[in-house]
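What follows is calculated from the coordinates using simple rules that are stated; it is not laboratory data. Everything numeric here is computed off the predicted structure, so don't read it as measured data. Don't worry about glycine lacking a Cβ; one is built from the backbone with ideal geometry, like all the others, and counts go over all protein chains shown.
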Amino acid sequence: MIEKTLIDAYREQVRQCLLRATSETGEPRLTESEVKELMEMFTDDDLVFGMPFNTPQEMADMLLEK
């Protein structure tokens with residue numbers, strides 16, 4: 001099992017990627033509250049499942065495509 005600290009670090013990295021994402025005009029794509037809402041959709045188990053296959057940036061990109 002992956003340690004909680006690693007899961008928390010991964011979650012934070014995904015969050016930071018989402019916050020840094022900008023539109024073509026340079027505007028943030030998501031607000032802080034939208035990012036928080038997206039991140040709350042994922043349990044630790046959900047993240048653990050994807051961690052070996054997706055970098056935090058890849059995870060953020062998938063979320064932004066929705």
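So L19 fits all but one of (1) surrounded by 12 or more Cβ atoms within 10 Å (Cβ to Cβ); (2) over 17 Å from P56 (Cβ atoms); what number is the exception?
(2)
With the requirement that a residue be of a type outside the set (S, T, Y) and under 11 Å from the mean Cα position of the chain (by Cα), what does region 52-66 give you?
N54, P56, Q57, E58, M59, A60, D61, M62, L63, L64
May I ask you to list the residues in region 35-57 that are surrounded by 15 or more Cβ atoms within 10 Å (Cβ to Cβ) and in a loop (DSSP other than H, G, I, E, B)?
F42, M51, N54
Hey, any hits in region 24-46 for a residue that's aliphatic (A, V, I, L, M) and in contact (Cβ under 8 Å) with a residue 40 or more places away in the chain?
Checked region 24-46: no residue is aliphatic (A, V, I, L, M) and in contact (Cβ under 8 Å) with a residue 40 or more places away in the chain.
So Q16 passes all but one of these: (1) free of Cβ contacts under 8 Å to residues at least 40 places away in the same chain; (2) in a helix (DSSP H, G or I); (3) among the polar types (S, T, N, Q). Which condition number does it fail?
So the condition that Q16 fails would be (1).
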